[in-house]
Amino acid sequence: MKQEYSYEDRVMGCDLFVSIVAESEAYADEAYAHMRTMAHAYDAQFSRFMEDSELSRLNEAKDMEVSRECAAVLLVGRELYEKTHGAFNPLVQVSRYGYDADIKDVLLTERGTDESSEPYDTNFASVRIQENHVALAQGQAVDVGGYLKGYVAERMVELAREASGVIVNLGGDIYTRGRDQDGNAFQFDIENPRAPHSSITFAYENGGIATSGVHRRLWSRGGIPFHHILDASGTKNPDSDLVSATVLAKRGHDAEAYATAALVLGSKEGEHLLQEQGAEYCLIRDDGTFVVSPSFSARIAA
């Protein structure tokens, strides 16, 4: 008889929740153990908060030989930059504007203003990635945090191939495959930041789900409220009418990056981009109104 087994941890600076639908608890436990190991390994390799991570060493050296997986992850970043026409940019350095530590240490604190005299270059087209060699220009530093969770969640799901249903939720970036223990599509909720006691429930299977919002990761700079989404210039919060963007896409990293890009662009241009990329979406404006793709609307539970 199939049952759903649930697990929790904290990794990549966020909460990890995993659900595995399987006939054997022993199988679920073993699959989760492999998933957990993978998540912590990616964190150790790509965290910008660990000085000895491969990504931190690259950002310091600017020009070095990297592992095959590091090169692969950076190539994904380039692809996302190109597909979003620069609205999503892994060279944007939110650390310059206060997000320079784990969010639990940054949240609702005063971080001061950016006084760095270092150059700041966000031209991703100038990043050279050739096989296992990466070269950054002066003033460039890569932050893969905007798409790595979706990328890793998808790979974690692959480690439970014999399960009939799996959900991996890495800090709100979700990848799911299969169905629940009763054979139904998994159900998910979207919070409306402008109506905290209401939510949208929808069904989804076999793909990535990402929600990006401007209402949780908050701090102040020089007494002015600030959040973790920067505009295409990488120097300020975007002038956007959106407070939340939920995107469904077949690839986990696509869903995560597209949600951020939509927030940067606003409802009109964001919707155009999401339609261009064939993604489903639910966008919430600052006034509490919704912009929903027809395919997503069909998934909403009555």
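Under a model in which nothing but the beta-carbon of Lys, Arg (+1) and Asp, Glu (-1) is charged, segment 1-147 shows a dipole of about 440 debye around its Cα centre.
Sorting the segments 36-43, 258-265 by their residues' average number of neighbouring beta-carbon atoms within 10 angstrom, most packed first, yields 258-265, 36-43.
Across segment 15-48, the residues whose backbone nitrogen lies under 17 Å from the label position 7 Å along the beta-carbon direction of residue 102 are 15-17, 39-48.
First check a/c for segment 44-111, with a ≥ b ≥ c the square roots of the eigenvalues of its C-alpha gyration tensor; if it is under 1.5, answer rounded, and if not, answer prolate when a/b is larger than b/c or oblate otherwise. Taking the square roots of the gyration eigenvalues as a ≥ b ≥ c, segment 44-111 is oblate. The tail of the calculated P(r) for the chain beyond 38 Å holds 11 percent of all Cα-Cα pairs. In terms of the mean number of neighbouring beta-carbon atoms within 10 Å, the peptides 13-22, 222-231, 59-68 order highest first as 13-22, 222-231, 59-68. The convex hull of the Cα atoms of segment 85-217, projected and averaged over all directions, covers 11.8 nm².
For segment 155-164, putting each phi into the Karplus relation 6.51 cos²θ - 1.76 cosθ + 1.60 with θ = phi - 60° gives couplings of 6, 5, 4, 5, 7, 10, 5, 7, 6, 8 Hz, in residue order, rounded to whole numbers and with x for Gly and Pro. Extending 7 Å from Cα along the Cβ direction at residue 34 and again at residue 155 yields two label points whose distance is 1.4 nm.
Placing R0 at 22 angstrom, the Cβ-Cβ distance between residue 123 and residue 50 gives a FRET efficiency of 0.25 after rounding to 0.05. Convex hull volume of the C-alpha atoms in segment 15-74, normalised per residue: 102 Å³. Of the solvent-accessible surface of segment 191-268, computed with a 1.4 Å probe and all protein chains present, 53% belongs to carbon and sulfur.
Across segment 201-302, the relative contact order, built from alpha-carbon pairs under 8 Å that are at least six residues apart, equals 29 percent. Peptides 44-55, 200-211 ranked from most to least packed give 200-211, 44-55, packing being the mean of other C-beta atoms within 10 angstrom over each peptide's residues. Take the convex hull of the alpha carbons in segment 17-174; its mean projected area over all directions comes to 10.8 nm².
The values are calculated or read from the model by the stated rules, or taken from the named source; none is laboratory data. Computed from a prediction, not measured in an experiment: that's the story for all the values here. Note that we place each Cβ from the backbone using ideal geometry, even for glycine, and neighbour counts take in every protein chain shown. Calculation scope for accessible area: heavy atoms of the full protein, side chains included, ligands and nucleic acids excluded. Shrake-Rupley method; radii C 1.70, N 1.55, O 1.52, S 1.80 Å.
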